[in-house]
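What follows is a single structure, written as structure tokens, with notes after it.
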Amino acid sequence: MYFLRYIEKKPDLQGGTVRKRLPYCLLCAALLAAAVSAPAAEWNKLIGIGAAVPVNELKFNDITARLYGGAVNAVFLTVNPENRLALKTSLTTGLSATDDISKDDKMNLGAHISFGGGIGYALINQEKQTLTVCAMLNVDYITFRRSFEYSGSGEKADIDQKIKLLVLGTGADITYTRQCNESFGVYVTAACRGIPVGYSHRKLNYKYSGGRKDWEDDWYVLKGTFSIVPSLGIYWYFK
């Protein structure tokens, strides 16, 4: 399935999306203002590293593209012990695979990097364990490159394919931490995102058997559905 041919090339500039997301933005701003004005206290902090399994689904009309991967996840989480406000940033980088974006429907392996940050609240904030829920904003950058032979039009051609995806995600992280000793512990995170918008750049270089060359260079607007990234790791705790 070669779904890039069906992606809309023009973004929807109507104000409906902005109005729908305005309450979410106001809530994040209010939480951030509360965090900045909170009484001075020793925030509990942790830095962790672990393994993650990113799963993305992008949908365009009746065509669905699924991307699966394996990655390394780094996280910074801090909680105010007085009002339980939490701040979080995360960085995930690794590999992504899909068979839905190539002209010959074969598997493509690419690189995936994701950075996110947000603010939330600690539902549980005990000495040995915490449970936080944070509203998050993520940016994902995924690249694929592959060379292959194709003869779909009857004329054989060697194709060099490059695809870049830039995706914006909004959603929530649920993070549970369990302290093993004074300095170290383990964490589990379930990260869920909706994908309101994204962009794709596709470049194809053709070299036909008769010596003729051709190319395609296109930008597309992507409208995806969701992203799920479970992760598990260890952390270092400090104040």
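Of all residues in the range 200-224, how many are surrounded by fewer than 18 Cβ atoms within 10 Å (Cβ to Cβ), modelled with pLDDT under 85 and within 18 Å of the chain's Cα centre (by Cα)?
Total satisfying the criteria: 2.
Mind checking which pairs have a first residue in the range 39-64 that is among the acidic types (Asp, Glu) and a second that is at pLDDT below 80 and surrounded by fewer than 19 Cβ atoms within 10 Å (Cβ to Cβ), Cβ under 8 Å, 6 or more apart or different chains?
Glu42/Lys239; Glu57/Thr64
Looking at the range 80-105, I want the residues that are under 30 Å from Ala157 (Cβ atoms) and free of Cβ contacts under 8 Å to residues at least 12 places away in the same chain and have a partner that is of a type in the set (Asp, Glu) and open to solvent by 30 Å² or more (accessible area, probe 1.4 Å) with Cβ atoms under 9 Å, at least 6 apart or on another chain. Which pairs are those?
Asp99/Asp105
Considering the range 170-186 alone, what residues qualify as being open to solvent by less than 60 Å² (accessible area, probe 1.4 Å) and within 19 Å of the chain's Cα centre (by Cα)?
Thr170, Gly171, Ala172, Asp173, Thr175, listed by residue number.
Do we have Leu109 as under 19 Å from Leu166 (Cα atoms), modelled with pLDDT under 95, exposed (fewer than 15 other Cβ atoms within 10 Å of the Cβ) and within 20 Å of the chain's Cα centre (by Cα) here? First the steps, then the outcome.
Numbers: under 19 Å from Leu166 (Cα atoms): yes; modelled with pLDDT under 95: yes; exposed (fewer than 15 other Cβ atoms within 10 Å of the Cβ): yes; within 20 Å of the chain's Cα centre (by Cα): yes.
Spelling it out, Leu109 is indeed under 19 Å from Leu166 (Cα atoms), modelled with pLDDT under 95, exposed (fewer than 15 other Cβ atoms within 10 Å of the Cβ) and within 20 Å of the chain's Cα centre (by Cα).
Pairs only if they're at least six apart or on different chains, beta carbon under 6 angstrom, first in the range 210-239 and within 21 Å of Pro54 (Cβ to Cβ) and free of Cβ contacts under 8 Å to residues at least 40 places away in the same chain, second in a strand (DSSP E or B) and open to solvent by 80 Å² or more (accessible area, probe 1.4 Å); list them, first residue then second.
No pair meets every condition.
Test each condition in (1) under 21 Å from Gly70 (Cβ atoms); (2) in a strand (DSSP E or B) for Tyr176 and report the one that comes out false.
(1)
Every residue, every condition in (1) closer than 18 Å to Phe76 by Cα; (2) touching a Cys at 6+ places or on another chain (Cβ under 7 Å); (3) open to solvent by 20 Å² or more (accessible area, probe 1.4 Å), yes or no:
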| residue | (1), (2), (3) |
| --- | --- |
| Leu131 | yes, no, yes |
| Met136 | yes, no, no |
| Arg146 | no, no, yes |
| Glu149 | no, no, yes |
| Lys164 | no, no, yes |
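The values are calculated or read from the model by the stated rules, or taken from the named source; none is laboratory data. Bear in mind the structure is a predicted one, so any value in this text is a computation, not a measurement. Here the Cβ is made from the backbone with ideal geometry for all residues, glycine too, and neighbour counts use every protein chain on show. Accessible surface areas use protein heavy atoms only, side chains included; no ligands, DNA or RNA. Shrake-Rupley method; radii C 1.70, N 1.55, O 1.52, S 1.80 Å.
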